[in-house]
Ligand code: 0A1
Ligand code: ZN
């Protein structure tokens, strides 16, 4: 357990470490209960530092011996590390420690997963491997020797001697300790190679447990595509002789960009037609790209301290989004990102966990791997690019690589290259990094004598720790349409910098209709009096795919809210207008599928809350169900034709075109199953030759409570495949009728295959319950108690995953008094638990505010 009185760490307190590390040599003698780690580290006084305290981080280590320049020393040990008297000149530190990877259930540092050794060092896991200045601004070259009788032993960099029982690895690129990695086990590889554009030959390996080789083709292809893309688009080449990827079953996050040795959650890399959905394939392609792109944005140029996390994450997410947009459909990717941002980042930014893209303080950095740092961080880069233009963006980024290669940098360094390239003052723009909260942008229009005026007002509500907000730079992309549906003003970028600001457009013979925030050009809430006629017009005519989709979304929201509040019937005019788009064969099926999607129940709860209406989860669920039924009835004559269009005749491929069709088919099946009681779903479940169609069918059957046979068959077929069984666990809860969701989840935690120490399995169950909005928010509070009970239990083994899952409570203040009281009680029960981890302690304190 971590210390009882956690410290808060502040960005403003940054000071450099008193020593530089000139080289690190590590020797690992692997054993599950008693691994010995010897370190030999060359330190020299850091000329840029004043404080010469020699403190090395270290947690859960047994120190066997320590020496300086060959003479034994006795350091002073604390819970967090050690201090020692050291010479005032360069010296060599040597230490030997013992650790127990088999007992490491937190999955940070060196741990074991299914008999295989692996590491996770970001953010502060290296200190659980040996004593070290475990901070990202200390960069060094690493030479690693691994001793064991396992057939495969890997670390960062290029391979050296690989003799029976010993493997040596040399990483020539200085790196911080969080990028260290080691893997050893009985593994098999899919191997390939890549020649960089300057002619370097790179061996590529994707290592998996025996039996999983059949799921590696897609990951390897995605890796090669990513490597080429980064050369072509960003001019970045790979810089080692080998690139290794390893799949592990027990992993807290998606994947990790360790230098030359990426480690992946098996769910984020393994895929096959039979076992993975189209969404899985797309996610894998994006994560492979993300981790690979980190080689330059994260590894070659890293972060000075953890407050700068968005420097590598925002930029790398932005880069992987560009990559996906290039591989697939750019508008579909953009709309998907907006849906995701609103579903995950907006609630965070508008609730008790709100924090700036660059936080100013933390207790546990693991709690800051958030949608704000990652996804809002990426939006900020997108805005910067929009503001300076594509060419200046390319120049500035090239300067960033040239100027900062090999350094540990800050957001100031990043903004400086843009200021130097463009001459622009970015001090106001910087507020995107320092101010938390989602800006609200309202807009009014006027039209007089051929002059059309748009007046914007911005304001950002107070967030924890920030009561006053200053105006930000909001890039607002705008187009104007004539009443006849012609585009009279193609997209223009307006820069809203003032609290209130007007823009005029002359020579407008008719009052135009504005298409605002095209491409979702800034991550704001656009407040505009909903005008159904205008939305229907934009749904029919807008040339901007995002705004067109958003118009449909606005109509859907309006109709659903009216149903929730007044019990109104679904808006027929909206459904007719939407039908015209959804049945338009000229449009991409993937886009039509997006158009058919309704706002989630959680999103509707947020929308109601913002209107000052306390959301009732049961009423929301009923309104959504009634709307889906009404849609099915109204479109009954179109459904057969749509199903036909969605049919894929060619052999399965997870590409954009086919998966777009299947996405459309999945939407249609959900409507059909409202009319036929589930027979089409049953037929699809039987006939499907891929997991996308199988799982879509199964979800409908679960909802209709006629899935017993299908679930049994599915389990019998897939009981030995952990990733598929995660789906089996999840869908039974996610798609269950709300009143029984908690019981389903409870029953499944009693299933023999519910290994709750495996993060994927734990999330499959708990995440599914949370996503069943009305199920989780059941009025008697059973969902809250169930989740809190499991979080308390997991916190003792794996604080990081437990604390992350606790964010399910972040919206608790939205709901009625009774539910609030129950959620508060659940959180307080967690807070009052003895031996709470630092992760969970900080999380619960912030949630309770
Ligand atoms: N840097 C990784 C994500 C990651 C972060 C923390 C982890 O453990 C605490 C693991 C992975 C990425 O952005 O992909
Ligand atoms: Zn990342």
Discussion item. So in region 260-278, with the set limited to residues that are assigned to a loop (DSSP other than H, G, I, E, B) and in contact with a strand residue (DSSP E or B) (Cβ under 8 Å, 6 or more places away or on another chain), which one is farthest from residue 113 (Cα to Cα)?
Written reply: 260
Worksheet item: Within region 344-356, is even one residue under 28 Å from residue 811 (Cα atoms), within 16 Å of ligand 2 (Cβ to nearest atom), in contact with a helix residue (DSSP H, G or I) (Cβ under 6 Å, 6 or more places away or on another chain) and in a helix (DSSP H, G or I)?
Response: yes
Worksheet item: Of (1) in a loop (DSSP other than H, G, I, E, B); (2) touching a residue at least 12 places away in the same chain (Cβ under 8 Å), residue 468 satisfies all except one. Which?
Response: (2)
Worksheet, complete the sentence: Taking region 10-36 and keeping only residues that are over 22 Å from residue 136 (Cα atoms) and touching a strand residue (DSSP E or B) at 6+ places or on another chain (Cβ under 7 Å), one is left with 28, 29, 30, 32, 34, 35, 36
Worksheet item: So which residues in region 444-478 are over 30 Å from residue 361 (Cα atoms) and surrounded by 19 or more Cβ atoms within 10 Å (Cβ to Cβ)?
Response: 452, 454, 456, 476, 477, 478
Worksheet entry | Residue that is surrounded by the fewest Cβ atoms within 10 Å (Cβ to Cβ) [pool: residues in region 644-672 that are assigned to a helix (DSSP H, G or I) and over 32 Å from the mean Cα position of the chain (by Cα)] | 644
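Here is a yes/no grid of residues against (1) within 25 Å of residue 842 (Cα to Cα); (2) without any contact (Cβ under 8 Å) to a residue 40 or more places away in the chain; (3) not in a helix (DSSP H, G or I):
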{"site": "387", "(1), (2), (3)": "no, no, no"}
{"site": "391", "(1), (2), (3)": "no, yes, no"}
{"site": "406", "(1), (2), (3)": "no, no, yes"}
{"site": "421", "(1), (2), (3)": "no, yes, no"}
{"site": "437", "(1), (2), (3)": "yes, no, yes"}
Practice prompt. Starting from region 587-598, keep only residues that are in contact (Cβ under 8 Å) with a residue 60 or more places away in the chain, then list their pairs with residues that are in a loop (DSSP other than H, G, I, E, B) whose Cβ atoms are within a distance under 9 Å, requiring at least 6 positions of separation or different chains.
Written response: 588/329; 590/328; 590/329; 591/329; 592/583; 592/584
Item to complete: Go through 249, 239 for me and flag whichever is more than 21 Å from the chain's Cα centre (by Cα), more than 14 Å from ligand 2 (Cβ to nearest atom) and outside the structural domain of residue 152 (by TED's automatic domain parsing).
Response: 239
Item to complete: Say whether the condition of being more than 30 Å from residue 166 (Cα to Cα), over 34 Å from the mean Cα position of the chain (by Cα) and modelled with pLDDT of 95 or more is met by at least one residue in region 20-43.
Response: no
Response to the item:
Note: among 680, 619, 605, just one is more than 30 Å from residue 323 (Cβ to Cβ), within 26 Å of the chain's Cα centre (by Cα) and buried (at least 16 other Cβ atoms within 10 Å of the Cβ), namely 605
Worksheet item: Wholly within region 767-849, which helices (runs of 4 or more DSSP H) include no fewer than the required count, namely at least 3 residues that are surrounded by fewer than 19 Cβ atoms within 10 Å (Cβ to Cβ) and either touching a helix residue (DSSP H, G or I) at 6+ places or on another chain (Cβ under 9 Å) or modelled with pLDDT of 95 or more (or both)?
Response: 782-795, 817-831
Response to the item:
Exactly one of 111, 178, 132 is more than 14 Å from ligand 1 (Cβ to nearest atom) and closer than 21 Å to residue 259 by Cα, and that one is 132
Item to complete: Could you list, in sequence order, all residues of region 499-517 that are without any contact (Cβ under 8 Å) to a residue 40 or more places away in the chain and surrounded by fewer than 17 Cβ atoms within 10 Å (Cβ to Cβ)?
Response: 510
Worksheet item: Residue check: is residue 378 in a helix (DSSP H, G or I), modelled with pLDDT of 95 or more and closer than 30 Å to residue 21 by Cβ?
Response: no
Worksheet, complete the sentence: Restricted to region 222-259 and to residues being in a strand (DSSP E or B) and within 22 Å of residue 170 (Cβ to Cβ), the residue nearest to ligand 1 (Cβ to nearest atom) is 256
Fill in: Selection status of residue 410, at pLDDT 95 or above, under 25 Å from the mean Cα position of the chain (by Cα), within 24 Å of residue 377 (Cβ to Cβ) and crowded, with 17+ Cβ neighbours inside 10 Å
yes
Worksheet item: When region 72-103 is examined, which residues are found to be touching a residue at least 60 places away in the same chain (Cβ under 8 Å) and part of a strand (DSSP E or B)?
Response: 96, 97, 98, 99
Item to complete: Please verify whether region 322-330 includes one or more residues that are without any contact (Cβ under 8 Å) to a residue 24 or more places away in the chain and away from ligand 1 (no atom under 11 Å from the Cβ).
Response: yes
Worksheet item: Which of the following residues is within 28 Å of residue 334 (Cβ to Cβ), within 16 Å of ligand 2 (Cβ to nearest atom) and surrounded by fewer than 21 Cβ atoms within 10 Å (Cβ to Cβ): 283, 300?
Response: 283
Worksheet item: Has region 544-562 got any residue that is touching a strand residue (DSSP E or B) at 6+ places or on another chain (Cβ under 6 Å) and under 27 Å from residue 478 (Cα atoms)?
Response: yes
Worksheet item: Of all residues in region 287-302, how many are within 10 Å of ligand 1 (Cβ to nearest atom) and part of a loop (DSSP other than H, G, I, E, B)?
Response: 2
Worksheet entry | Index of the failed condition, residue 341 passing every other in (1) within 14 Å of the chain's Cα centre (by Cα); (2) within 14 Å of ligand 1 (Cβ to nearest atom); (3) under 30 Å from residue 844 (Cβ atoms) | (2)
Fill in: Residue count, region 304-317 (criterion: crowded, with 24+ Cβ neighbours inside 10 Å and outside any helix (DSSP H, G or I))
0
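The values are calculated or read from the model by the stated rules, or taken from the named source; none is laboratory data. Quick caveat: nothing in here was measured; it's all calculated off a predicted structure. All Cβ positions, glycine included, derive from the backbone under ideal geometry; neighbour counts span all protein chains shown.
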